[in-house]
Amino acid sequence: MKMSSTLEADFNKAVARVNSSKKSLPPDTMLKLYALYKIATKNQENPSGDKPLINAFKANALFQAKHMSIETAMLKYITIVEKEAF
């Protein structure tokens, strides 16, 4: 299935908005964005870093979203960014 180039462009704009924002979000929202981003970019490797507890939360968020298609993950990511008014 071919993904819409418009969807990809909208997703990339949403990612750029999040990355350039100074807005602070609740941890659960950040974890959702993290998992959706990982699914949307086909990067579902386990999180790595020097903070095991944070990595566990990231892995859990990713596990909960792993059933999603790339398109659905992109749409949900865009929806959250628009809702949070980045």
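Derivation of every value follows stated rules applied to the coordinates shown; laboratory data play no part. These numbers were taken from a predicted model, which means no experiment stands behind them. Reconstructed Cβ throughout: ideal geometry from the backbone, glycine too, with neighbour counts over all protein chains shown.
Indicate the gyration tensor shape class of the chain (rounded, prolate or oblate), computed on the Cα atoms with a ≥ b ≥ c the square roots of the eigenvalues: a/c under 1.5 is rounded; otherwise a/b larger than b/c is prolate and the rest oblate.
The shape class here is oblate.
Treating only the Cβ of Lys, Arg, Asp and Glu as charged (+1, +1, -1, -1), what charge dipole size does the chain show about its Cα centre? Round to the nearest 20 debye.
80
How high is the relative contact order of the chain? Use alpha-carbon pairs under 8 Å, at least six apart in sequence, and give a whole percent.
Relative contact order comes out at 45 percent.
Check each of the trypsin sites (Lys or Arg not before Pro) in the chain and keep only those in coil by DSSP with at most 16 other C-beta atoms within 10 angstrom; list them in order.
Details: sites: 2, 13, 17, 22, 23, 32, 38, 42, 58, 66, 76, 83; in loops: 2, 22, 23, 42, 66.
In loop regions of the chain (DSSP not H, G, I, E or B), the sparsely surrounded trypsin sites (Lys or Arg not before Pro) are 2, 22, 23, 42, 66.
Between rounded, prolate and oblate, where does the stretch 5-45 land on the alpha carbon gyration tensor, with a ≥ b ≥ c its root eigenvalues, rounded for a/c under 1.5, else prolate if a/b exceeds b/c?
Cα axes put the stretch 5-45 in the oblate bin.
Could you compute the net charge surrounding residue 21? Neighbours are other residues with a C-beta less than 14 Å from the C-beta of residue 21; K and R count +1, D and E count -1.
+3
Over 23 Å between Cα atoms, which of 51/76; 51/83; 23/58; 38/83; 23/66 qualify?
51/76; 51/83; 23/66
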